[in-house]
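Read through the structure below, which is laid out as structure tokens, and then see the notes.
Just so it is clear, none of the values below were taken in a lab; they were calculated from the coordinates. This one's a predicted model, so the numbers in the text were calculated from it and none came from an experiment. Cβ coordinates were reconstructed from backbone atoms using ideal geometry, including for glycine residues, and neighbour counts include every protein chain displayed.
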Amino acid sequence: MLYHIYELQHATINPLRAAVDVSKKWLRNPANPWSYTQPGRSAAAAFDVFTHITHRYGKPEFDLPTTTIGGETVPVIEEFVHREPFCNLLHFKRDTSHLKQQPDDPRILIVAPLSGHFSTLLRGTVETLLPDHDVYITDWVDAREVPVHMGHFDLDSYVDYLMRFLRVLGPNTHMMAVCQPSVPVMAAVSLMAAGNEPCQPASMTLMGGPVDTRENPTEVNKFAEQHPLDWFERHVISHVPLPHTGVMRRVYPGFMQLAGFMSMNWDRHMEAHNEMFMHLAEGDGESAEAKRMFYQEYLAVMDMTAEFYLQTLKVVFHEHQLPEGKMRWQGIAVEPSAITKTALMTVEGERDDITGIGQTRAAHKLCSNLPENMRCHYMQTGVGHYGVFNGRRWREQISPRIKDFIRRHDHEGKGANSAPPTPAKQIDAAE
């Protein structure tokens with residue numbers, strides 16, 4: 001019912017937003033004398049902020065048309081090499097045909113978080129890795145756009161997808177899990193190790209992930225643990241309404257996730273929009289545009305299936321099944337101690353208020369049979385959760401260490417030089 005009310009509210013406000021947008025443009029028209037006055041600029045700025053915060057943002061583009069390899073500009077082409085109903089395996093193919101010396105770079109699969117935002121949240125992560133890696137990423141599909149007849153998607157399905165993707169990419173692939181995927185990535189690698197599969201990844205890097213939320217629990221962890229599953233089912237789960245393709249699918253709606261994100265730092269978001277208004281009123285379009293670009297990404301959210309969200313809460317935050325040794329995938333025990341061929345690196349942020357210090361590092365204790373020379377931990381000072389995978393310190397201090405770790409554990413017969421997967425047929429989820 002809540003989702004239907006949200007859609008009704010959005011439809012109701014559309015005419016007002018259109019009128020405000022016209023007024024904003026009229027107030028900024030050079031032919032309008034008011035555009036040169038402070039009241040006129042202030043009114044236009046207020047209208048601009050209003051249209052910005054009430055707009056519904058769709059999935060952003062990665063917009064990474066080029067990268068630089070060896071000082072030369074290289075075109076980048078996005079291609080899907082494998083499709084599943086709830087996730088596509090996206091390849092950032094670097095066209096190096098014009099280079100005299102072909103790069104011999106490791107192949108890396110970035111597992112983006114399925115926690116509200118689209119995979120484009122990792123645009124900066126991909127951009128930093130592209131010059132030195134053959135990059136693939138999990139491009140999650142908005143659950144409200146997946147028809148009900150395509151089936152369900154839970155945490156077990158997530159783990160299954162990761163194993164499928166690794167088999168598609170082949171041996172000597174490196175994995176990087178950003179935040180939420182750390183647990184399913186460890187589960188997938190553990191299961192493949194137990195089966196001694198040839199496509200076990202050469203390394204896995206876990207960044208700010210909730211492997212064991214009992215370590216230094218944050219407010220997010222405490223809130224999740226203090227409320228039973230039926231509380232979440234009653235208060236945050238809804239059915240997708242018309243006109244979306246996934247009508248009647250049970251989901252945790254993106255707009256509710258966004259409300260949760262913003263409530264954690266409400267004062268900061270209010271101040272940011274106040275600054276945006278002041279920049280626009282003063283004619284500082286460049287500063288205002290920087291904030292606008294950030295929020296266009298931040299306000300673009302996607303729905304998660306109810307079964308995935310609830311199972312994740314139970315397994316990761318309530319019962320701590322992975323560190324307790326009780327996690328199972330389709331009835332099969334998940335045993336990280338089976339991992340002996342996949343090198344492990346963990347990365348944490350000193351000021352992370354989402355995943356506390358020690359929660360990601362706990363993975364080393366679980367991978368008890370991994371040799372010391374195949375493991376590494378790094379804690380970055382002065383960064384919060386977002387800074388672990390984006391921003392200046394990510395580019396200058398964190399990523400060089402990860403690149404070096406991956407190079408050291410890249411096997412002979414580089415992954416990027418093996419035959420690339422055939423791009424998937426361009427199909428819709430409804431097919």
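Tell me, yes or no, whether segment 302-315 has at least one residue that is out of contact with any strand residue (DSSP E or B) (no Cβ under 6 Å at 6 or more places or on another chain), surrounded by fewer than 20 Cβ atoms within 10 Å (Cβ to Cβ) and farther than 30 Å from Met186 by Cβ.
No.
For segment 166-184, how many residues are of a type outside the set (S, T, N, Q) and not in a strand (DSSP E or B)?
Of the residues in segment 166-184, 10 are of a type outside the set (S, T, N, Q) and not in a strand (DSSP E or B).
Tell me, please, whether a residue that is farther than 20 Å from Ser182 by Cα, touching a residue at least 12 places away in the same chain (Cβ under 8 Å) and of a type in the set (Gly, Ala, Ser) can be found in segment 328-347.
No, segment 328-347 contains no residue that is farther than 20 Å from Ser182 by Cα, touching a residue at least 12 places away in the same chain (Cβ under 8 Å) and of a type in the set (Gly, Ala, Ser).
Residues in segment 321-332 that are over 17 Å from Tyr158 (Cα atoms) and surrounded by fewer than 20 Cβ atoms within 10 Å (Cβ to Cβ): how many?
Qualifying residue count, segment 321-332: 3.
Filter segment 363-378 down to residues that are touching a helix residue (DSSP H, G or I) at 6+ places or on another chain (Cβ under 7 Å) and more than 15 Å from Pro181 (Cα to Cα), then give me how many there are.
Qualifying residue count, segment 363-378: 8.
Of (1) in contact with a Ser or Thr (Cβ under 7 Å, 6 or more places away or on another chain); (2) touching a residue at least 40 places away in the same chain (Cβ under 8 Å), Pro75 satisfies all except one. Which?
(2)
Could you please find all residues in segment 292-346 being β-branched (Val, Ile, Thr) and over 30 Å from Val148 (Cβ atoms)? Break it down stepwise before answering.
Narrowing segment 292-346 to residues β-branched (Val, Ile, Thr): 301, 305, 312, 315-316, 332, 334, 339-340, 342, 346.
Ile339, Thr340, Thr342, Thr346, listed by residue number.
So His52 ticks every box in (1) over 24 Å from the mean Cα position of the chain (by Cα); (2) under 19 Å from Asp284 (Cβ atoms) but one. Which box is left unticked?
Of everything listed in (1) over 24 Å from the mean Cα position of the chain (by Cα); (2) under 19 Å from Asp284 (Cβ atoms), His52 misses just condition (1).
Out of Ser35, Ser42, Ser97, Ser23, which single residue is among the polar types (S, T, N, Q) and surrounded by fewer than 11 Cβ atoms within 10 Å (Cβ to Cβ)?
The unique qualifying residue is Ser97.
Is it the case, given these coordinates, that Ala11 is touching a residue at least 60 places away in the same chain (Cβ under 8 Å), hydrophobic (A, V, I, L, M, F, W, C) and out of contact with any Ser or Thr (no Cβ under 8 Å at 6 or more places or on another chain)?
Judged against the criteria, Ala11 is not a match.
Going residue by residue through segment 123-137, is there one that turns out to be in contact (Cβ under 8 Å) with a residue 60 or more places away in the chain, surrounded by 24 or more Cβ atoms within 10 Å (Cβ to Cβ) and farther than 17 Å from Leu64 by Cβ?
There is no residue in segment 123-137 that is in contact (Cβ under 8 Å) with a residue 60 or more places away in the chain, surrounded by 24 or more Cβ atoms within 10 Å (Cβ to Cβ) and farther than 17 Å from Leu64 by Cβ.
Of all residues being outside any loop (DSSP other than H, G, I, E, B) and closer than 22 Å to His91 by Cβ in segment 185-211, which is nearest to the chain's Cα centre (by Cα)? Just the residue, please.
The extreme case among them is Met207.
Answer with yes or no whether His152 is touching a Lys or Arg at 6+ places or on another chain (Cβ under 6 Å) and assigned to a loop (DSSP other than H, G, I, E, B).
no
Which ones in segment 120-146 are part of a loop (DSSP other than H, G, I, E, B) and either over 22 Å from Glu7 (Cβ atoms) or under 8 Å from the mean Cα position of the chain (by Cα) (or both)?
His133
Being assigned to a loop (DSSP other than H, G, I, E, B), of a type in the set (S, T, N, Q), under 25 Å from Thr68 (Cβ atoms) and touching a strand residue (DSSP E or B) at 6+ places or on another chain (Cβ under 8 Å) is the filter here; which residues of segment 94-119 pass it? Give the derivation first.
The first filter runs over segment 94-119 and keeps only residues assigned to a loop (DSSP other than H, G, I, E, B), leaving 95-106, 112-116, 118.
Going one step further and asking which of them are of a type in the set (S, T, N, Q), we end up with 96-97, 101-102, 115.
Right, trim to under 25 Å from Thr68 (Cβ atoms) and you get 96-97, 101-102.
The one that is assigned to a loop (DSSP other than H, G, I, E, B), of a type in the set (S, T, N, Q), under 25 Å from Thr68 (Cβ atoms) and touching a strand residue (DSSP E or B) at 6+ places or on another chain (Cβ under 8 Å): Thr96.
For segment 216-249, give me each residue that is assigned to a helix (DSSP H, G or I) and either more than 22 Å from Gly356 (Cβ to Cβ) or touching a residue at least 60 places away in the same chain (Cβ under 8 Å) (or both).
Glu219, Val220, Asn221, Ala224, Glu225, Leu229, Asp230, Trp231, Phe232, Glu233, Arg234, His235
Could you pull out every one of the helices (runs of 4 or more DSSP H) wholly within segment 276-392 that has 1 or more residues that are in contact with a Ser or Thr (Cβ under 6 Å, 6 or more places away or on another chain)?
Hits in segment 276-392: 362-366.
Checking the conditions here, which among His91, His10 is within 30 Å of Gly254 (Cβ to Cβ), out of contact with any Cys (no Cβ under 7 Å at 6 or more places or on another chain) and in a strand (DSSP E or B)?
His91
Of the residues His91, His98, His82, which single one is within 17 Å of the chain's Cα centre (by Cα) and more than 19 Å from Phe389 (Cβ to Cβ)?
Of the residues listed, the single one that is within 17 Å of the chain's Cα centre (by Cα) and more than 19 Å from Phe389 (Cβ to Cβ) is His91.
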